[in-house]
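In what follows, a structure is listed as structure tokens, so that the remarks can point back to it.
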Amino acid sequence: MSSRNRNMDDADRRDRTPERGPVTNPQPAAGRWFDAHLHVDLYPEQEREPLLSEAFSGGTAGVVAVSMHLESSRLNQTLAGRFPGRVLPAYGFHPEQPLPDDASIQELLRWIRVRFASGERLAIGEVGLPYYTRTEAEAAGKPFAQEPYIALLEKFVRLASDMQLPIVLHAVYEDADTTLDLLERHHVRKAHFHWFKGSPDTIERMIAAGYYISITPDVLYEEEIQQLVKQYPLELMMTETDGPWPFEGPFAGERTEPLMVRHVAGKIAELKGIPEDAAEWRLYRNAASFYGFSTEG
Ligand SMILES: [Zn+2]
């Protein structure tokens, strides 16, 4: 263990257990990093639980397991039940796919409400707008109707607002502005734009609203993401992998795993010009408090 690691563990103990006295009986460290956006259900079935176990034994404190649709939400609910306090499920409908019919949407919304009413800890997501599907269709000269996607997103925004739950958003560039309009209309306080990209004006709007972003492993090699990290306050930032999405640069050919966020945290520290321990600690606190993870060992 490096001295940097020892320092971090000492900081952990001080912050988490100030009332517990001397370090003769410290709480075990819960981990140092969060993967605030993981599609664990998209890994092959036999890989899911080992992936999570290895992540937690390797120092990941927790993951947010985001969903694609109802079936994916059910899978993530089951996985979350196997790792209590470590896997927070987020339920929703990912926007980069064809829209479901009305009955399916109602079934998903009802299912989420039942989960919430039963006292289950959860977030809303992944929801948002289909930037990549839309721009690909437009580039190919095909018509694309964005309005039904906006209407569906508004249903999830209203749900998050009613239940006062964190909402996980897939909304980049001009779609982020459309999403910001909806969040403002429904007075949503806890919004997390994962893998965010956008104009300086949009960035300013998001910072003013106190909304969070999360940074993926491409920060190690993408200039656009590096610039974003420099501009966005560390206090509103988290780390994520969006796994199993594959990355390039130093991660080319590797399976994406939650522990890759350690490299993201390291790069954020470098870009912010602060010690790695300090960046890690801030990123840890951000995700823990935003998603309500316990920081006790
Ligand atoms: Zn995602």
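Bear in mind that the values in this text are calculations on the coordinates, not laboratory data. The structure presented is a predicted model; accordingly, all values stated were derived computationally and were not measured. Glycine gets a Cβ as well: all are built from the backbone with ideal geometry, and neighbour counts include every protein chain shown.
For the chain, with only Lys/Arg (+1) and Asp/Glu (-1) charged at the beta-carbon, what is the dipole magnitude about the Cα centre, in debye rounded to 20? If you can, show how the numbers build up before the last one.
Details: 31 positive and 45 negative charges, 232 e Å.
With only Lys, Arg, Asp and Glu charged at Cβ, the dipole is about 1120 debye.
Compute log10 of I(q)/I(0) for the chain with the Debye formula, placing one identical point scatterer on every Cα and leaving out solvent, at q = 0.10 Å⁻¹, to two decimals.
Calculated log10 I(q)/I(0) at the listed q: -0.53.
As an exercise, identify the GluC sites (Glu not before Pro) in segment 236-297 lying in DSSP coil whose Cβ has no more than 13 other Cβ atoms within 10 Å. Walk me through the numbers on the way to the answer.
On the way: sites: E240, E248, E254, E270, E276, E280, E296; in loops: E240, E248, E254, E296.
Passing sites in segment 236-297 are E248, E254, E296.
Distance from the Cα centre of segment 61-82 to that of segment 92-148, in angstrom?
Rounded to whole Å, the Cα centres lie 16 Å apart.
With a Förster radius of 30 Å, plug the Cβ-Cβ distance of D101 and I274 into 1/(1 + (r/R0)^6) and report the FRET value to the nearest 0.05.
That pair, D101 with I274, gives E of 0.05.
For segment 247-297, how big is Rg over Rh, using alpha carbon atoms and the Kirkwood form of Rh?
Reported Rg/Rh, Kirkwood definition of Rh: 1.05.
Go through L122, G141, A176 and say which Cα lies farthest out towards the positive end of the charge dipole of segment 73-199; charges sit on Cβ, +1 for Lys and Arg, -1 for Asp and Glu.
Sorting the options by dipole projection puts first L122.
Past 26 Å, Cα to Cα, is the threshold; run K142/K197; K142/K190; K197/K272; K155/K197 against it and keep the listed order.
Details: K142/K197 24 Å; K142/K190 35 Å; K197/K272 18 Å; K155/K197 23 Å.
Flagged as over cut-off: K142/K190.
Run the numbers on segment 34-291 and let me know its relative contact order in percent, using alpha-carbon pairs under 8 Å that are six or more apart.
Relative contact order here is 19 percent.
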